[in-house]
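One structure is given below, encoded as structure tokens.
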Amino acid sequence: MQKQIADMIKDMKCPFDEVRSSRGYLHVRVPSDRAVEVLLGARQRCGMKVLQLISAVDRIEEDVFQLTWILESSDDRSILMVSADYPREDCSVPSLGEVWPAAVAFERELREMFGIRFPGNSRQEEDFLLEGWKEIPPMRRDFDTLEFSMRTFGQRRERTHTDPRRYIAEITGEWETPVPMRKKEEK
Amino acid sequence: MYCNRIPDRPDERKRVWDRVDEMARANSLWVTAYGTGCGAIELRPLHTSRFDMERFGIAMRPTPRQADVLIISGYLAVKTLKRVIRVYEQMQDPKYIVALGSCTINGGMYFDSYNTLNVLDRYLPVDVYVNGCMPRPEAIIDGFTLLMRKIKDGQALGWRHYRENLDLYRNNQKEIIHDWDLPDYNW
């Protein structure tokens, strides 16, 4: 299977890096403008008919979103992962919702969690999990969840420390380390 | 179809007959079958023969109209809070809330999450908190016996507090629910 897909990508004259491969499993990294072409080719020519997941990773140091599509073959259950890097500013990725209907939901989630636009997805403006979200998308790494949580939801009592031993000592007096039980001496 | 009128303020409890009512209420607590977090799974052993909550007259009901107790079982997301408010306000008075787990008390392990509440009793009146992550069935039964004792003593008056301070609770709820599309009161 790996060889078949690698040949297919070579046929397309598309440069690619093999990240990892083992039996029934292949992970390739391709340029961002060729990713959709490779995915559709794998569907048509290699029988990768099932879209399992679209995931995104925020690589803020390199200023990119790394998107990964995971495809599975319904014939021999082999897996193909295709990764591509897209620029972080005003990120826009072609939608695959017309080919795989499942992609619509994944793309809506990524739109909400990372702010990645998917032109061509008919339902991308609908709320998925967050209703009425007003901040920057929460899964971006420049979003400070702790600061947001303290500002929005507050705290019952501010935490001065997180040491349970000190907490118990403050309430009940001195905390003594429990001595482990000795083994019974054999007679 | 719903009634949009704000509920009247209830009378003070004066009658002797109230004591009898409270005795009867305490011994037949009917719980709305509604789960919000991981606690919904942890509640299942309570129904079965080992821990058997029917010994205490606690039974599950399929609809909020027939129930007295709402269990907030674990972390509560903002999206779920909206549904919980609807469920809680549809229940008949008197009604009680039992909150399980450290998530409802101070956020627990999700205290820095972008989407879960940290302090539940800003938004809904809680009668009994049961701590633990998740609490064991014995702890939940202990919480229910505490609730029964509070009802018999006439102290479980969260529902009355909610009615009298509806504006305060509404303000707190609207602070975090940005796309408020509920009626003024859900009967």
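Residues of the range B:146-187 whose accessible area, computed with a 1.4 Å probe over protein heavy atoms, drops by at least 30 Å² once all protein chains are present relative to their chain alone are B:Ile176, B:His178, B:Asp179.
On the accessible surface of the protein assembly as shown, probed at 1.4 Å, how many percent belong to carbon and sulfur atoms? Intermediate values should be presented prior to the final figure.
Working: 10490 of 21280 Å².
Ligands and nucleic acids excluded, carbon and sulfur reach 49 percent.
Ignoring ligands, DNA and RNA and using a 1.4 Å probe, state the total buried accessible area between B and A in Å², rounded to the nearest 100. Walk me through the numbers before you get to the answer.
Values: alone 10160 and 12960 Å², together 21280 Å².
Counting both chains, the buried surface is close to 1800 Å².
The helix-only estimate of mean residue ellipticity at 222 nm for chain A, built from DSSP H runs of length n ≥ 4 each weighted as -39500 (n - 2.57), is -8000 deg cm²/dmol after division by the residue total.
Put a dot 7 Å past the Cα of B:Leu166, heading toward its Cβ, do the same for A:Arg23, and the two dots end up 6.7 nm apart.
Kirkwood hydrodynamic radius of chain B, from the reciprocal of the average inverse Cα-Cα distance over all distinct pairs: 17.0 Å. When only alpha carbons of the range A:27-126 are considered, Rg and Dmax amount to 13.0, 39 Å. Enclosing the Cα atoms of the protein assembly as shown in their convex hull gives a volume equal to 265 cubic angstrom per residue. Largest GNM mean-square fluctuation among A:Lys134, A:Lys49, A:Lys13, using chain A with Cα springs under 10 Å: A:Lys134.
Would you mind getting the Kirkwood hydrodynamic radius of the range B:63-132 from its Cα pairs, rounded to one decimal in Å?
So the Kirkwood estimate lands at 12.2 Å.
Given a 1.4 Å probe, how much area per residue of the protein assembly as shown is accessible, in Å²? Could the numbers behind the result be given before it?
Values: 21280 Å² over 374 residues.
Counting only protein heavy atoms, the per-residue value for the protein assembly as shown is 57 Å².
For the set A:Lys134/B:Lys82; B:Lys150/B:Lys174; B:Lys79/B:Lys150, the pairs lying more than 24 angstrom apart at their alpha carbons are B:Lys150/B:Lys174; B:Lys79/B:Lys150.
The values are calculated or read from the model by the stated rules, or taken from the named source; none is laboratory data. Fair warning: this is a prediction, and the values are worked out from it, not measured in the lab. Every residue, glycine among them, receives a Cβ derived from its backbone with ideal geometry; neighbour counts consider all protein chains shown. Side chains are part of the model used for accessible areas, which takes the heavy atoms of the whole protein and leaves out ligands, DNA and RNA. Shrake-Rupley method; radii C 1.70, N 1.55, O 1.52, S 1.80 Å.
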